[in-house]
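Chemist: Got a structure here, written out as structure tokens. Questions coming.
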Amino acid sequence: MTKITFNKKKKMFHLQNEYISYIFEVLPNGYLAQSYFGEVIDVSNDENFVIQQNRPMTTYVEDKLSLQNQPLEYPNFGTTDYRRSAFDFELEDGSRITDFVYKKHIVLDQKEALQGVPNTRESEGVKQLNVYLEDELLNTILILKYTIYPGLSSIVRSVEVQNNGNQVIKLNKLLSLSIGLTDQYSKWIQLSGDWARERHVIERSLSYGTTSIESITGSSSAYHNPYVLLTTEHTTEDYGDTVSVSLMYSGNHVISSEINAIGINRIQAGINPTGFSWKLEGGASFQSPEAILTYSNKGKNGNSIQLHRFIKNHIVNPKWNETRPLLINNWEATYFDFDSKVLVEIATEASSLGFDLFVLDDGWFGKRNSDSVGLGDWVVNEEKIQGGLEKLVKSINEVGMDFGIWIEPEMVNLESELYKLHPDWVVGHPRRRMSLGRNQLVLDFSNADVVDYIFDAFTSIFDSINLKYIKWDMNRSITEPFSVSLTSQNQGEFYHRYILGVYDLYERITTRYPDVMIEGCASGGNRFDLGILYYSPQIWTSDNTDGLERVKIQYGTSFAYPLSTMSSHISAVPNHQIGRSTPLRFRSDVATFGTYGYELDPRGLSEKEKSFIISENEVYKKRQHIILKGDFYRVANPFETDEASWISVLPDKCSALAGFYILTEKPNRGPIRVVFKGLSKDKTYTVSSTVVNGTYSGAYLMNLGILFEPSFNGQVIVRDSVGDFQSYLFDIKERRD
Ligand code: DGJ
């Protein structure tokens with residue numbers, strides 16, 4: 001049930017469904033003020049949400065109402081509000097003062113498709129509110145768009161600007177949302193890191209002034225994911241109010257908080273204004289990406305579960321919700337050193353181990369024998385792939401495996417035919433130094449000719465092979481942001497036009513090959529965001545496949561993204577990224593909580609390892625629906641303790657899978673207790689694991705949990721798995737008899 005109402009007397013909008021209310025009102029001076037976002041409430045005519053009383057020593061216009069202390073909904077620049085504006089328009093006379101006030105609104109019974117940027121998807125029962133703000137002097141309209149879906153506690157916001165006047169407006173900033181929350185949201189959780197340690201959980205206390213995370217790398221970046229969770233001082237993993245902000249965008253972003261002197265917390269999110277300036281001609285319009293606000297009063301887990309459901313239902317293409325291929329990738333097995341014979345050997349071995357899909361990673365094209373050559377030359381290297389790709393794919397299919405391929409469409413090496421032919425197709429200034437990253441330059445995807453060329457290069461290969469999967473990589477950040485294809489007036493558009501070019505290529509490839517699944521990747525998880533997830537149902541979570549590091553990375557990632565989006569593989573030890581060795585069982589039990597696969601050479605495995613992998617693959621296939629469709633609860637936090645645990649529970653609460661991990665063992669440990677979450681307290685469950693098998697009530701499992709002996713008590717070794725890196729999975733099923 002979704003409803004959008006407008007109280008004419010109070011000029012108050014109320015968006016609501018079963019779970020949430022989002023209320024804002026038109027102030028007497030025409031500006032919009034946020035009134036409430038939280039658990040669904042009834043509103044009569046008497047409520048007074050926004051206190052409009054003026055305060056001493058403020059500035060005001062004739063109506064005497066200062067904006068300085070109002071929880072404004074989408075604030076102008078250059079008026080009586082001294083906080084960060086939501087937009088910044090530079091006019092032809094050099095002024096930046098704007099005065100957008102309420103003009104009208106419409107309510108739609110569907111989700112309006114946005115131009116250029118990926119959209120949250122249409123769905124039954126969805127409602128959209130478009131509020132039109134106008135600056136009469138500019139003859140320009142801002143359309144604030146709000147979407148509410150049934151059964152989920154999220155509101156989607158975006159903004160479109162329509163220049164109906166004659167002058168050119170320079171958009172120096174156009175955020176997707178701005179909202180004035182109360183000061184109860186005093187804690188801020190961000191997912192930050194670097195290559196090989198993406199999305200670690202960082203918590204900060206908010207105070208007066210500004211707090212923000214940003215990216216200026218040209219991608220959403222491993223440094224700061226475009227997601228923030230706001231909680232109260234007392235919110236825990238399972239109790240208390242939370243609001244999360246997620247931006248559906250893969251380029252430069254910003255999410256910020258600004259708390260003013262009376263405690264209003266202005267939260268903003270959108271395209272990073274640094275380096276951004278869009279020339280909007282008369283008659284033209286510009287659409288911001290969407291941002292998603294999610295509320296839960298059931299703590300951090302509650303917020304994640306709502307957001308995960310939203311992503312699975314309305315962002316990821318639903319056709320990928322049912323199942324994912326169990327894949328093996330040759331990257332860490334061979335790096336650049338392979339030929340068809342080796343690949344077919346790997347695929348043959350992998351097929352006998354129960355894998356579905358073989359992924360040919362980097363090195364199959366041009367003169368690509370190292371990472372300094374060949375990017376851009378999308379022609380199969382017949383010295384390695386003897387007889388061509390068609391022949392290779394046929395051989396791989398013959399051994400019972402589907403075929404997937406690695407590409408890095410946005411890049412070029414200096415040493416490549418493409419760069420020799422089109423040196424003007426790279427990002428950079430012709431008279432300045434050009435920085436390299438992984439020996440490569442970035443192709444100028446703001447130039448449609450480049451995107452067309454790359455599209456044609458790939459279709460001429462993909463059209464002739466039986467392709468099931470693409471791994472779309474992107475291995476460096478943008479520097480020297482300049483495009484020779486843009487005029488001096490349009491250079492500020494480069495970063496955004498680049499990412500629109502990326503989306504355009506994604507759109508064209510997914511349209512032409514609707515049955516090919518794309519996995520996003522950017523040196524691991526350097527571009528893990530909702531924009532990419534719109535096209536790719538899963539993303540390579542990190543290059544770091546070490547079991548211990550993956551516990552942390554997957555735990556952090558789970559705040560903002562469901563397990564179904566986290567591509568997680570098992571690799572050989574010592575691990576190639578950190579040099580650590582962890583048991584195969586541990587690596588597998590961690591990778592199980594994601595879309596499972598391997599990247600190692602199966603030809604060198606012992607018989608014991610092979611039979612382990614065969615049985616793990618079979619078991620994963622039986623558990624996969626719980627991973628893809630379950631609600632995920634974090635239980636023990638690996639950033640705070642030497643243990644980690646989590647559980648995925650199907651929404652009907654009939655089946656669940658839990659993981660418990662001892663990261664570093666402690667001496668003389670007492671009995672181990674594992675507590676579960678998310679089950680039904682009234683149901684009876686059977687629990688199967690390597691340590692405990694039995695029947696328990698949900699209430700028992702969620703309160704007392706199950707107890708078992710530690711592996712080693714200083715004298716007696718109880719089971720094989722001893723010391724650091726122990727792992728235990730628990731299959732939990734409702735008993736019906
Ligand atoms: C970076 C990716 O994250 C790796 O998985 C691999 O595909 C390499 N690129 C290949 O160059």
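The values are calculated or read from the model by the stated rules, or taken from the named source; none is laboratory data. Quantities reported herein were computed from a predicted structural model and do not represent experimental measurements. Here Cβ is always computed from backbone atoms with ideal geometry, including for glycine, and neighbour counts include all displayed protein chains.
Chemist: For the stretch 14-49, give me each residue that is of a type in the set (A, V, I, L, M, F, W, C), farther than 25 Å from T231 by Cα and touching a residue at least 60 places away in the same chain (Cβ under 8 Å).
Modeler: Within the stretch 14-49, just V26 meets the criteria.
Chemist: Every residue in the stretch 468-481 that is crowded, with 19+ Cβ neighbours inside 10 Å and more than 16 Å from the ligand (Cβ to nearest atom), please. Reasoning before the result, please.
Modeler: Taking the stretch 468-481 as the starting set, the residues that turn out to be crowded, with 19+ Cβ neighbours inside 10 Å are 468-478, 481.
Matches in the stretch 468-481: K468, I478, P481.
Chemist: Under 7 Å by Cβ, and 6 or more places apart or on different chains, what pairs join a residue from the stretch 667-690 that is farther than 12 Å from K733 by Cβ and among the acidic types (D, E) with one that is in a strand (DSSP E or B) and modelled with pLDDT of 95 or more?
Modeler: Here the result reads none, with nothing in the stretch 667-690 linked to a residue that is in a strand (DSSP E or B) and modelled with pLDDT of 95 or more.
Chemist: Please specify each residue of the stretch 199-219 satisfying the condition of being in contact (Cβ under 8 Å) with a residue 40 or more places away in the chain, within 23 Å of G251 (Cβ to Cβ) and in contact with a Leu (Cβ under 8 Å, 6 or more places away or on another chain).
Modeler: From the stretch 199-219, those in contact (Cβ under 8 Å) with a residue 40 or more places away in the chain are 199-201, 206-219; that's our starting set.
Among the residues that remain, those that are also within 23 Å of G251 (Cβ to Cβ) are: 199-200, 210-219.
Passing the criteria: R199, H200.
Chemist: Just need a number here: residues in the stretch 335-362 that are within 11 Å of the ligand (Cβ to nearest atom) and either crowded, with 23+ Cβ neighbours inside 10 Å or in a helix (DSSP H, G or I) (or both). Don't jump to the end; show me each part of the working.
Modeler: First, pick out the residues of the stretch 335-362 that are within 11 Å of the ligand (Cβ to nearest atom): 335-336, 359-362.
Filter again for either crowded, with 23+ Cβ neighbours inside 10 Å or in a helix (DSSP H, G or I) (or both), leaving 359-360.
So the count comes out to 2.
Chemist: Next question. Does F365 qualify as being within 15 Å of the ligand (Cβ to nearest atom) and under 25 Å from P514 (Cα atoms)?
Modeler: Here the answer is yes, as F365 does meet what is asked.
Chemist: Same structure again: Give the stretch 107-130 a look and list any residue that's among the aliphatic types (A, V, I, L, M) and in a strand (DSSP E or B), or say none. Break it down into steps so the answer makes sense when it comes.
Modeler: Just the residues of the stretch 107-130 that are among the aliphatic types (A, V, I, L, M), to begin with: 107-108, 113-114, 117, 126, 129.
Within the stretch 107-130, V107, L108, L129 meet the criteria.
Chemist: Filter the stretch 16-39 down to the residues that are modelled with pLDDT of 95 or more and exposed (fewer than 15 other Cβ atoms within 10 Å of the Cβ) and list them by number.
Modeler: E18, E39
Chemist: Restricting to the stretch 400-441, give me the number of residues that are more than 15 Å from the ligand (Cβ to nearest atom) and assigned to a strand (DSSP E or B).
Modeler: 5
Chemist: Quick check on the stretch 158-195: of everything there that is surrounded by fewer than 19 Cβ atoms within 10 Å (Cβ to Cβ) and among the hydrophobic types (A, V, I, L, M, F, W, C), which residue is nearest to T545 (Cα to Cα)?
Modeler: Taking the candidates together, the pick is W195.
Chemist: Turning to a different aspect of this structure: So, L174, is that one within 17 Å of P226 (Cα to Cα), at pLDDT 95 or above and of a type outside the set (D, E) or not? Steps first, answer last, please.
Modeler: Details: within 17 Å of P226 (Cα to Cα): yes; at pLDDT 95 or above: yes; of a type outside the set (D, E): yes.
So L174 passes the test.
Chemist: Follow-up question, since we're still on this one. Conditions first: (1) among the basic types (K, R); (2) at pLDDT 90 or above; (3) on the phi > 0 side of the Ramachandran plot. K64 passes all but one, so which condition is the exception?
Modeler: For K64, the failing item is (2).
Chemist: I'd like to verify a number: residues in the stretch 1-34 that are within 25 Å of I264 (Cα to Cα) and not in a strand (DSSP E or B), how many?
Modeler: 8
Chemist: Another one. Out of (1) surrounded by fewer than 20 Cβ atoms within 10 Å (Cβ to Cβ); (2) on the phi > 0 side of the Ramachandran plot, the odd one out for G678 is which?
Modeler: Here G678 clears every test but (1).
The rows are residues; the columns are (1) polar (S, T, N, Q); (2) crowded, with 22+ Cβ neighbours inside 10 Å.
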residue: N490; (1), (2): yes, no
residue: D504; (1), (2): no, no
residue: E519; (1), (2): no, yes
residue: L530; (1), (2): no, yes
residue: L533; (1), (2): no, yes
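Chemist: Here are L707, L628: which of them is touching a residue at least 24 places away in the same chain (Cβ under 8 Å) and under 34 Å from the mean Cα position of the chain (by Cα)?
Modeler: Values: L707 fails: under 34 Å from the mean Cα position of the chain (by Cα).
The conditions single out L628.
Chemist: Turning to a different aspect of this structure: For I202, state whether it is more than 24 Å from V50 (Cβ to Cβ) and surrounded by fewer than 22 Cβ atoms within 10 Å (Cβ to Cβ).
Modeler: Numbers: more than 24 Å from V50 (Cβ to Cβ): yes; surrounded by fewer than 22 Cβ atoms within 10 Å (Cβ to Cβ): yes.
Answer is yes for this residue.
Chemist: Here is a further query. Check whether at least one residue in the stretch 374-382 is in a loop (DSSP other than H, G, I, E, B), more than 26 Å from M434 (Cβ to Cβ) and more than 15 Å from the ligand (Cβ to nearest atom), and report yes or no.
Modeler: yes
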